[in-house]
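Taking it in order: structure first as structure tokens, then the write-up.
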Amino acid sequence: MSFDLTGKRALVTGASRGIGRAVAVAYARAGADVAVLARNADLLEDVAGEIRALGRRAVVAQADVLEAETTRAAVTSAIAELGGLDVLVNNAGGNSFSIPVAQMRVSGWEKTMRLNLDSILHITQEALPALAEDKDGAIINVSSVAGLRGAPTMAHYGAAKAALLSLTQSLAIETAWMGIRVNALVPGWIDTDLTDFLRASEEAEKGTLSRVPMQRWGTAEEIAEPAVFLASSAAAFMTGQVLVVDGGLSAMP
Ligand SMILES: NC(=O)c1ccc[n+]([C@@H]2O[C@H](COP(=O)([O-])OP(=O)(O)OC[C@H]3O[C@@H](n4cnc5c(N)ncnc54)[C@H](OP(=O)(O)O)[C@@H]3O)[C@@H](O)[C@H]2O)c1
């Protein structure tokens, strides 16, 4: 058993920046060919170049995951170009606003659900037949500590990420017989574009890190390595589980 991914074919969503990009590059470094999906074509070409420089094949799949049909088509053609699929990382997601539930607009709630939850249904449904082919598939759903407990002013995001944890467990049970493992990876506060607003002022940053026992931001690479583990044979008997990587945040009372 090892963290080696030689010969694996992976699709990583939200791979143009941040955590997804780090996962895509770490997978290539571990020996996988990687398809990268997101909206920004230039950034996708950039990460594809990095993957090719590591000696692996890269496939660029441009899609906005809010658009179900184009996303499904992009997933299908990326899998065809890769020649099959062994690992799917559902990472594209995020949150662009904070507001109490009482003031939440239904449109904002729905968009957050479509980005962080509905998109995963579309992508996963397209990928399942290919993942089942060799009876050795893996799905990694990137959730959030916001989905583990209350997330005041981010209830929309927390609810979507909590639902993703439930989806992970249901899907793990439904697909175990197909040889597919499904696990969730739960990052704490990671230094990416998504959390830039929390570094905008010293006060906001101090408030955020005061709840983190390790007293620092995590890096995208520190999420990528556990994502390699979950995709690899080192996690061969692990499915329906939640791997939290948060500097101790969720251990706090
Ligand atoms: N950073 C954290 O502290 C943290 C903590 C917990 C969980 N997470 C989760 O980790 C995942 C990655 O977050 P991150 O911090 O790496 O965020 P990020 O730096 O903002 O990157 C988000 C990625 O998702 C893609 N994306 C966003 N909207 C998309 C859309 N509509 N269609 C297709 N792709 C889309 C972006 O690419 P384009 O803009 O090119 O489309 C980008 O590649 C998210 O699911 C997030 O919720 C992050």
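The values are calculated or read from the model by the stated rules, or taken from the named source; none is laboratory data. All figures in this text were calculated on a predicted structure; none of them were measured in a lab. With ideal geometry, Cβ positions are generated from the backbone for all residues, glycine too; neighbour counts draw on all protein chains shown. The area values use the complete protein model at the heavy-atom level, side chains included, leaving out ligands, DNA and RNA. Shrake-Rupley method; radii C 1.70, N 1.55, O 1.52, S 1.80 Å.
General observations
- Potential lengthening of the chain between Glu81 and Met104 amounts to 4.1 nm, from the contour at 0.36 nm per residue minus the alpha-carbon distance.
- Tilt relative to the chain, helix 68-82 - C-alpha long axis, 0 to 90 degrees, to 10: 40
- Residues in segment 138-179 that a label on Gln241 would reach, taking backbone N under 17 Å of a point 7 Å out along Cα→Cβ: 138-143, 165-166, 168-173, 176
- Peptide ranges 102-108, 242-248, 116-122 listed from the most packed, as the mean C-beta count within 10 angstrom indicates: 116-122, 242-248, 102-108
- Within the listed set Arg211, Arg56, Arg114, the Gaussian network model of the chain (springs between alpha-carbon atoms below 10 Å) gives the highest mean-square fluctuation for Arg211.
- Each distinct pair of alpha carbons in segment 148-246 adds a 1/r term; the inverse of their mean, the Kirkwood radius, is 15.2 Å.
- Close amide-amide hydrogen proximity is noted between Val59 and Val34, Ala35, Val36, each under 5 Å apart and 5 or more residues distant or on a separate chain (H modeled in the peptide plane; Pro and chain starts excluded).
- Accessible area, probe 1.4 Å, largest first, for residues Phe237, Phe197: Phe237, Phe197
- Electrostatic dipole magnitude of segment 9-244 [Cβ: Lys, Arg +1; Asp, Glu -1; Cα centre; debye, to 20]: 440
- Crossing angle, helix 41-53 versus the chain [Cα axis fit, 0-90 degrees, rounded to tens]: 50
- Computed over the chain, the per-residue total of -39500 (n - 2.57) for DSSP H runs of n ≥ 4 gives a 222 nm mean residue ellipticity of -13000 deg cm²/dmol, rounded to 500.
- Most to least accessible of Thr192, Thr168, Thr239 (protein chains only, probe 1.4 Å): Thr239, Thr192, Thr168
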